[in-house]
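S.K.: Provided herewith is a single structure, encoded as structure tokens, for subsequent inquiry.
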Amino acid sequence: MIREEIVKSIKDKFGVKIQRFHEKSAKRIYADIDRRDISDMVRFIFKDLGARFNIATAIDNPDNIEMMYHFNFDRLSLVFTIRAYVPKNDCVVDSILPIMKGAEWIEREIHELFGVEFKGHPDIKPLLLPDNWPKDKYPLRKEYKLNNI
């Protein structure tokens, strides 16, 4: 499959569900979607188009957590990123773990450091922080200060 076919397949499948489609360069594409559509798009890109899951990342913005799921189409040197903005006052997204086992630890890490709840994750226990870390303190959120503990 070539780059243009991948782009067309995604646009055809998700159409108006894509809020913004940004081709940053020949090797980087972003699709902004609603958080409720993450699982469907992940499933399509991973299972139907055969992309490799690279990593998920999170960014703390003033009103939301920006969730990004990065996929590689290795033969094309193309990185495709699914991006959704999750409101801090309802910081929940569906886990993609049922679709791909490789998301297990990164969802645990993002949960622990940013406070994103991954609905359907079977084992969201802490991964990095000490066992006695306060449950409502997320060290990678901007409002966190070192003396907050």
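The values are calculated or read from the model by the stated rules, or taken from the named source; none is laboratory data. Just so you know, these numbers come straight off a predicted model, no measurement behind them. Please note: Cβ atoms are built from the backbone with ideal geometry, for glycine as well, and neighbour counts cover all protein chains shown. These accessible areas exclude ligands, DNA and RNA; they are computed on the full protein's heavy atoms, side chains included. Shrake-Rupley method; radii C 1.70, N 1.55, O 1.52, S 1.80 Å.
S.K.: Name the lysines eligible as straight-distance cross-link partners of LYS135: C-alpha to C-alpha under 26 Å, and not fewer than 8 places from it in the same chain.
M.R.: Within the straight-line cut-off, LYS135 pairs with LYS88, LYS101, LYS119, LYS125, LYS145.
S.K.: So how long is each side of region 77-143 along the principal axes, counting just the alpha-carbon atoms, biggest first, in Å?
M.R.: Computed over the Cα atoms, the extents are 40, 24, 24 Å.
S.K.: A further question on this structure: Can you give me the distance in nm between label points at ARG36 and ASP136, each placed 7 Å from the Cα along the Cα-to-Cβ direction?
M.R.: 2.9
S.K.: With the convex hull built on the Cα atoms of region 1-56, state its orientation-averaged projected area in nm².
M.R.: About 3.9 nm², averaged over all directions.
S.K.: Carbon and sulfur together cover what percent of the accessible area of region 1-64 at a 1.4 Å probe radius?
M.R.: 49
S.K.: Add -39500 (n - 2.57) for each DSSP H run of 4 or more in the chain, then divide by its residues: what number comes out at 222 nm, to the nearest 500 deg cm²/dmol?
M.R.: About -5500 deg cm²/dmol.
S.K.: Right, something else. So with the 1.4 Å probe, I'd like the accessible area per residue for the chain, rounded to whole Å².
M.R.: I get 56 Å² per residue for this part.
S.K.: Which whole-number percent is the relative contact order of region 1-107 (Cα, under 8 Å, 6+ apart)?
M.R.: 25
S.K.: On a full-extension model of 0.36 nm per residue, what is the gain between LYS119 and PHE21, subtracting their alpha-carbon distance, rounded to one decimal in nm?
M.R.: Full extension from LYS119 to PHE21 adds 32.7 nm.
S.K.: Treating only the Cβ of Lys, Arg, Asp and Glu as charged (+1, +1, -1, -1), what charge dipole size does the chain show about its Cα centre? Round to the nearest 20 debye.
M.R.: I would put it at about 360 debye.
S.K.: Same structure again: Say each of LEU128 and ASP63 gets a label point 7 Å from the Cα, pointing the same way as Cα to Cβ; how far apart are those two points in nm?
M.R.: So the label points at LEU128 and ASP63 sit 2.7 nm apart.
S.K.: Which one, PRO130, VAL16, ILE106, projects farthest toward the positive side of the charge dipole computed for the chain from Cβ point charges (K/R +1, D/E -1)?
M.R.: It is VAL16.
S.K.: Hey, what angle do you get for helix 104-114 against the long axis of the chain, alpha-carbon based, 0 to 90 degrees rounded to 10?
M.R.: Roughly 50 degrees, rounded to the nearest 10.
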